[in-house]
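Peer 1: One structure, pasted below without further comment.
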Amino acid sequence: IWRIVSVTGGCEAQISVNPLSVCLKTFYSCLGQKQVHLSRLERIFIMAKLQSGNGVQWRDSRSPRATPDNLAEHESSSLGSDSELNGFANTETQTDRYGFIGGAQQSAGENDDIPPDVIRQREAKWLDMLNSWDKWMAKKHKKVKLRCQKGIPPSLRGRAWLYLSGGKVKKEQNLGKFQELDSQPGDPKWLDVIEKDLHRQFPFHEMFVARGGHGQQDLFRVLKAYTLHRPEEGYCQAQAPIAAVLLMHMPAEDAFWGLVQICEKYLPGYYSAGLEAIQLDGEILFALLKRVSPVAHRHLKKHKIDPILYMTEWFMCAFSRTLPWASVLRVWDMFFCEGVKIIFRVGLVLLKCMLGSQEKLKACQGQYETMELLRSIEPRYMHEVFLVQEVIELPVSERDIEKEHLSQLRRWKETHGELHCKSPPRMHGAKAIMAAEPPSRQELKQNPTIIVEAPQTTESKADKGKKIKMSKTEKNKDTINISPPLNPYPLPREPALQSDNLSKDTLLQSSSQSLSSAEHDTYL
């Protein structure tokens, strides 16, 4: 028996048929007949009781998308499934370059790898930018934007995200704040919900695969700290995948401040009670679609498909649960630099590609078929090369979004009254955030955290004589000392070698093979 209840729409259907797709199709048609105003739909509950002999068969339960016919994937509060298994043992499973050991977002290794020498060049350029971040943002922001569009080097992605979002400055301005929040017990009301959601976040990523593992522990710490940082806002389930993506690239404290910046600067009001901001942005997306793809706009309007049905998870999770992982990272690189317009552009590109021609619309003659089409986007449209190029070329600017925002806000007040949740103004990217709160050079400074010390050895007179001669010859040469860029992320120190059996020659040999005793090592 499948029971589908719309709490505020006044529509209720109880159907004893299978498969589930028939039930969902009936539900969509029922909504159409009753002309329910879907923008007032606060939550859709699906209670499924699978009885013996009903003929319903689920797909592979190991896949995060194992139940594509489950309507719960449409609602924002359903971010994962209880059927997702964590901690499974499979010795034959291989980890891809992003850390996934399975699931829909595991990379098949088909992406065009960037040559190593190109990556090294990009790393050097990004290290130079990070060492003079304020100058680059003030005078060469277009260059920073272009490099974000090309993709941030994987070794520096976490650090770059923290600088772009302003999380680095927030962290320096609030030293010890995360540790203080982390030490507090937290509100039990939110802790229970957070604990239930931990195993649902990227269960096929090696960082979160183990129940109670270090990844889930850090995720719990970050989400708990945010509920204490913003008790009036609390916790929203869509924050969990956002925090999880950040934790894949940076330590817990940095991930916390990155989450704060996303919730307060990039997507303000998205995770507040009532979800008014996401509904408003849904209307903005729909209005922009009319200009980008009139065919898709007419189709969605004809079948009364409200934007909140298909764009909620896209926007609230910043496409982290929708796109292939390579595309997710490229979208996030641009999102941190340019702001929410990137999220709008990605949504518009997907809608245009899937519903932008009469030929494609022949396969979806109703609400159900259209929703199924949007839930199974063709891989070629989500490929990073195609998607990034389309997003860059789409002519939708911050001005267009803000202009439409004012228009939709007036309509909202006419139909719904004043907004119940007053959120701060939205910042469109790294430059706007930096201009609103100019940081000091000290707050942008990268402090050394990793120092490699050579073993202390007793030197013979001959060795001392050689060093003196070498120092004299070096003084006569014109040398340029380039200090290596410093890494802000501390790593645990290696324990000192303690062995009475090590000879003097062994120590000297190991010392000569390592870095010079006067140099500091850095970790990318």
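Peer 1: Determine if segment 403-417 includes at least one residue that is modelled with pLDDT of 85 or more, assigned to a helix (DSSP H, G or I), of a type in the set (Asp, Glu) and surrounded by 13 or more Cβ atoms within 10 Å (Cβ to Cβ).
Peer 2: At the first step, the residues of segment 403-417 found to be modelled with pLDDT of 85 or more are 403-415.
Now restrict to residues that are assigned to a helix (DSSP H, G or I): 403-415.
Okay, now just the ones that are also of a type in the set (Asp, Glu), so 404, 414.
Okay, now just the ones that are also surrounded by 13 or more Cβ atoms within 10 Å (Cβ to Cβ), so 404.
Looking for residues that are modelled with pLDDT of 85 or more, assigned to a helix (DSSP H, G or I), of a type in the set (Asp, Glu) and surrounded by 13 or more Cβ atoms within 10 Å (Cβ to Cβ), one finds at least one in segment 403-417, hence yes.
Peer 1: Take the conditions basic (Lys, Arg), modelled with pLDDT under 95 and within 16 Å of the chain's Cα centre (by Cα) and apply them to ARG200. Does it pass? Quick ask: steps written out before the conclusion?
Peer 2: On the way: basic (Lys, Arg): yes; modelled with pLDDT under 95: yes; within 16 Å of the chain's Cα centre (by Cα): yes.
Yes, satisfied.
Peer 1: Of all residues in segment 267-286, count the ones that are open to solvent by 30 Å² or more (accessible area, probe 1.4 Å) and under 18 Å from ARG410 (Cβ atoms). Explain how you work it out, then say what you get.
Peer 2: Kept after step one, since they are open to solvent by 30 Å² or more (accessible area, probe 1.4 Å), are these residues of segment 267-286: 273-275, 279, 283, 286.
From what's left, under 18 Å from ARG410 (Cβ atoms): 279, 283, 286.
Qualifying residue count, segment 267-286: 3.
Peer 1: Looking at segment 126-155, which of its residues are under 16 Å from LYS445 (Cα atoms) and either surrounded by 20 or more Cβ atoms within 10 Å (Cβ to Cβ) or not hydroxyl-bearing (Ser, Thr, Tyr) (or both)?
Peer 2: The answer is TRP126, LEU127, ASP128, MET129, LEU130, ASN131, TRP133, ASP134, LYS135, TRP136, MET137.
Peer 1: Might you let me know whether segment 206-224 holds any residue that is within 21 Å of LEU275 (Cα to Cα), of a type in the set (A, V, I, L, M), part of a helix (DSSP H, G or I) and open to solvent by 20 Å² or more (accessible area, probe 1.4 Å)?
Peer 2: Checked segment 206-224: no residue is within 21 Å of LEU275 (Cα to Cα), of a type in the set (A, V, I, L, M), part of a helix (DSSP H, G or I) and open to solvent by 20 Å² or more (accessible area, probe 1.4 Å).
Peer 1: While we're looking at this one, here's another question. Any idea which residue in segment 225-244 is least open to solvent (accessible area, probe 1.4 Å), counting only those that are over 16 Å from TYR266 (Cβ atoms) and polar (S, T, N, Q)?
Peer 2: THR227
Peer 1: Within segment 192-205, work out how many residues are out of contact with any Leu (no Cβ under 9 Å at 6 or more places or on another chain), open to solvent by less than 40 Å² (accessible area, probe 1.4 Å) and assigned to a helix (DSSP H, G or I).
Peer 2: 0
Table: residues versus (1) open to solvent by less than 10 Å² (accessible area, probe 1.4 Å); (2) polar (S, T, N, Q).
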{"residue": "VAL340", "(1), (2)": "yes, no"}
{"residue": "VAL346", "(1), (2)": "yes, no"}
{"residue": "LEU351", "(1), (2)": "yes, no"}
{"residue": "SER357", "(1), (2)": "no, yes"}
{"residue": "ALA363", "(1), (2)": "no, no"}
{"residue": "MET371", "(1), (2)": "yes, no"}
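Peer 1: Within the bounds of segment 245-262, is there any residue that is touching a Ser or Thr at 6+ places or on another chain (Cβ under 6 Å), of a type in the set (Val, Ile, Thr), surrounded by 20 or more Cβ atoms within 10 Å (Cβ to Cβ) and assigned to a helix (DSSP H, G or I)?
Peer 2: At the first step, the residues of segment 245-262 found to be touching a Ser or Thr at 6+ places or on another chain (Cβ under 6 Å) are 245, 258, 261.
This time we only want the ones that are of a type in the set (Val, Ile, Thr), so: 245.
Filter once more, keeping what is surrounded by 20 or more Cβ atoms within 10 Å (Cβ to Cβ): 245.
Going one step further and asking which of them are assigned to a helix (DSSP H, G or I), we end up with 245.
Yes.
Peer 1: Check segment 348-356 and report whether any residue there is aliphatic (A, V, I, L, M), outside any helix (DSSP H, G or I) and either at positive phi or touching a Lys or Arg at 6+ places or on another chain (Cβ under 9 Å) (or both).
Peer 2: If we filter segment 348-356 for residues that are aliphatic (A, V, I, L, M), which is where we start, we get 348-351, 354-355.
With the extra rule that they be outside any helix (DSSP H, G or I), the set shrinks to none.
Among the residues of segment 348-356, not one is aliphatic (A, V, I, L, M), outside any helix (DSSP H, G or I) and either at positive phi or touching a Lys or Arg at 6+ places or on another chain (Cβ under 9 Å) (or both), which makes the answer no.
The values are calculated or read from the model by the stated rules, or taken from the named source; none is laboratory data. Just so we're clear, the structure is a prediction, and the values are computed from it rather than from any experiment. Reconstructed Cβ throughout: ideal geometry from the backbone, glycine too, with neighbour counts over all protein chains shown. With ligands, DNA and RNA removed, areas are computed over all heavy atoms of the protein, side chains included. Shrake-Rupley method; radii C 1.70, N 1.55, O 1.52, S 1.80 Å.
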